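Every number in this text was worked out from the coordinates using simple rules, so none of it is lab data. Please read all numbers here as calculations on a predicted model, not as lab measurements. Heads up, the Cβs are rebuilt from the backbone with ideal geometry, glycines too, and the neighbour counts pull from every protein chain shown.
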């Protein structure tokens, strides 16, 4: 049945975009940095995964690891360039955002210059098997993507809940000034944050390589989708991002079926604008009661 | 504080009949009181002649003529903000141009106006095309500056408004044969409608939420226009709209006309910026920057309405520019919606400095020069633009035109730090106090007092105290005499006196309050057997106070 | 004769063998062009509890921030347990704070510098930032909970929902989670009802300092009167009152 196919597709996309959105959300709320260089991280880790598949091993796990590691590396790079030098200077939020945009511009042009404009594709990561559930046929690819993305998210969120580093990051998300008084080094912690969010982007890049082939500018659309989900969920809220990802994923599925794929972005933006007009802080405005206290 | 006892003081009066029996006493070696001054005033670092005001030409002013000023005709606005001053050093009247920016603007615009005549002939084509592009982009950025810099709305929808208006006007011109002069006004209407749709979220959302939303909007427009067949989805854009440049002209003249038309557009945008930013609406918006809206609202500023207004003006102006773009280039391509266009536009604003018209124009000039003239660099051009933008953002607070204020803030901070290493306490006024004291004489009196005390402290020694004990009155050695003169000239408050409790037997030390009606207070429980001992006691207290000050 | 009159009274160093917990000399600090602390000297010995009294805007908090490295710029020497933590160049505020904190400072800031979304327990954990205190955090939590037994019932509640007095307890408890040698408590009673403020101060007084020291900044002198080892006044960025006498630890008598 067509609608089941679309819905399963939407769920897959929602989990992957959710991964991106959570990365953006965490970066914003813990570092105060709006990382619009995410498209570059995405493209960079895609190329990292491609190089791994090309020169090291085409085995799925290795490719995935290559993508995640290069994503983390790229996150660290952006942190060193755009966060460390200006995080304590005046007007940081705007300057940080523009710095990441500039890095995006430089990075994508450098990738274009190095790898050329032709897009690359990765070997299948999860094999070619299928599962049939009545009408619904799920490919190994879809199940693998959803499981991997959710697994990674659960690991990251568990780590943030229970470890010392995670507590530091969460403390910094709540109140950076108090965090430095408690003895949390902002610069040290920022490297952890950026490498983790970079790794999330790397994972998403590898998982999405079947939808968007790896190209220098291929990170743009995923980044904008991730940003809009993060925006709709409320910047800084993980739960809000998850809910927003599900809502927007279903919106995409329903729009595709009813009025056609051309209008997906339009309905999506109308939806986001509607949500933001009601709740200027996104869905998180409904969830977190202690936030404005 | 000499350690040697060899230095003796000889009483010059000892040889005279009736003189004291004491002829010689140990005392301090003499040293100049200037030493303290010199040590104090010496700089530990090398000093350079400072100040650049000596290079400034000051017009001679006249009190009467100062008031006959040039004004823009129907208004009371002055052409130049000239300030009349009185120079305290030369005792002359002077005129100073307080705001020299109009002069610089005029010079730069004149240079741009005659630039085509100076262009080298082999680069003529490239330069004129780049110049036309510069004019259009400068106009776009000036309008953008209205909302980002003055309105405080971080809108990234600029190029989607321009592009939408351009596509619609181009479509109208091609399909329905609208002639060139109708395109720009129609574009303005399209822009106004577009702006009206997206102005509503702008009043509710915080800056960055709105930035992300409009970034998405840009992508939405790109996807919509590239996938639709009416807008030439297959051939990369819409071309063939009516142009204001007559086909019959030679190509040189066509280029020149294009250049000057775009230059005129930029001038129009500058006027718009001046009249919107400098008038009431600009003031209202400057009162309500981000995070201070509540304060502005409390003072009665309806910032939401002002924001909607400026947003509509911005959108209409951008729509107009979109229509002009179509008539200038005869069409429009999809690249206007690309993310790189937004990035380049933002880079132009950031390099010059957000919030200032000169920043927008200068930034546009730099980026357009790199992008359209240095064609030989290939894709490296964009990398170069990105690098410049990155460096500017990392090191400058507000672009190239913010360097001055940033440098001043940095210099003030350094000054204050260095001052903190130099200044020490001890009665002397700290620089912060000194600036707030009207009578500068007090500052110097306090400083002189501090120096004197520093010198006198070096004179206190056991020999001097012994000398004072032995010869209370009469001739003293140089060091002791200096100390006593200083003590005698102190003010009345906390000055010591001797209270005679029982005549010739019982003396105590009191301190005067210095206020009428307030009696002196006893300072210690000690009882002195004689008047001389009490005098010496007062001396010791004074020395103690001096050393502790 | 007054034998104490010496021509060159040198400021005396604290006795060797027992280095002062905090030894500030010639400290100036400020923000940008503004200078808030003027050439300040302060010595805090081990086991001392000191009250710092002064009006608003006279630099009490800035002094604490300068010790923690949170001011815009500072000059002069700050020795914490004999280790130099003051910096003589301008640095970004907070850039080295975590290093200062690691060398034994616990700053309990003014007002509500808390993490709204964390629960009380997580909040206390966040005070135990070093690896040793992290491993030992269960014991330390028990210790804090014996001081503030009221918090036992609130362990899983987000701090954002607590009342002002409870927040202050959490904030102080967070500071006590470390094995710091110097506790700086900024205005513990500010903004609290008088009774609760007194209770907070009482709790501070009951803490067994051992070898560490505590400085409490407070506007309400009556709360501290007679309960601290000494009270120092602060006036336009300088120490006044007993400070000068207390500075020379030898206890010199005036003639």
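Overview of results
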quantity	calculated
Average other protein chain Cβ within 10 Å of Cβ, residues A:228-239	2
Prolate/oblate/rounded label for chain B (Cα gyration tensor, a/c 1.5)	prolate
Estimated inter-spin distance, residue B:239 and residue B:527, nm [label 7 Å along Cα→Cβ]	11.8
Peptides B:450-460, B:321-331 ordered by average Cβ neighbours within 10 Å, highest first	B:321-331, B:450-460
Cα gyration tensor shape for chain A, rounded if a/c is under 1.5, else prolate or oblate	oblate
Förster radius 60 Å - calculated FRET efficiency between residue C:146 and residue B:40 (Cβ-Cβ, nearest 0.05)	0.55
Pair residue B:14, residue B:48: separation of 7 Å Cα→Cβ label points (nm)	5.9
Cβ crowding within 10 Å averaged over residues, with B:379-386, B:526-533 ranked highest first	B:379-386, B:526-533
Per-pair calculated FRET efficiency, R0 = 56 Å: residue B:488 and residue B:291 via Cβ, rounded to 0.05	0.35
Inter-chain Cβ neighbour average for residues C:97-108, partner chain, 10 Å	4
Alpha carbon centroid spacing (whole Å) that separates segment B:488-522 from segment B:261-299	70
Inter-chain shielding of C:153-159 (mean C-beta neighbours from other protein chains, 10 Å cut-off)	1
Choice from A:197, A:52, A:267 showing the highest fluctuation, given a GNM over chain A with Cα pairs closer than 10 Å	A:267
Prolate/oblate/rounded call for segment A:44-178, Cα gyration tensor, a/c under 1.5 rounded	oblate
Residue B:406 versus residue B:228: modelled label distance in nm, points set 7 Å from Cα along the beta carbon direction	4.2
In degrees, nearest ten, helix B:478-488 long axis to first principal axis of chain B (Cα)	70
Order of B:45, A:148 - criterion: other Cβ atoms within 10 Å of each residue's Cβ, fewest first	B:45, A:148
Segments B:354-365, B:475-486 sorted - mean Cβ within 10 Å per residue, highest first	B:354-365, B:475-486
Principal-axis tilt of helix B:303-329 within chain B, Cα atoms, nearest 10 degrees	50
Nearest 10 degrees, 0 to 90: helix B:180-204 Cα axis against chain B principal axis	50
Antiparallel bridge percentage (DSSP; both residues within the protein assembly as shown; nearest 5)	75
FRET efficiency, 1/(1 + (r/R0)^6) with R0 51 Å, evaluated for residue B:377 and residue A:165 via beta carbons	0.70
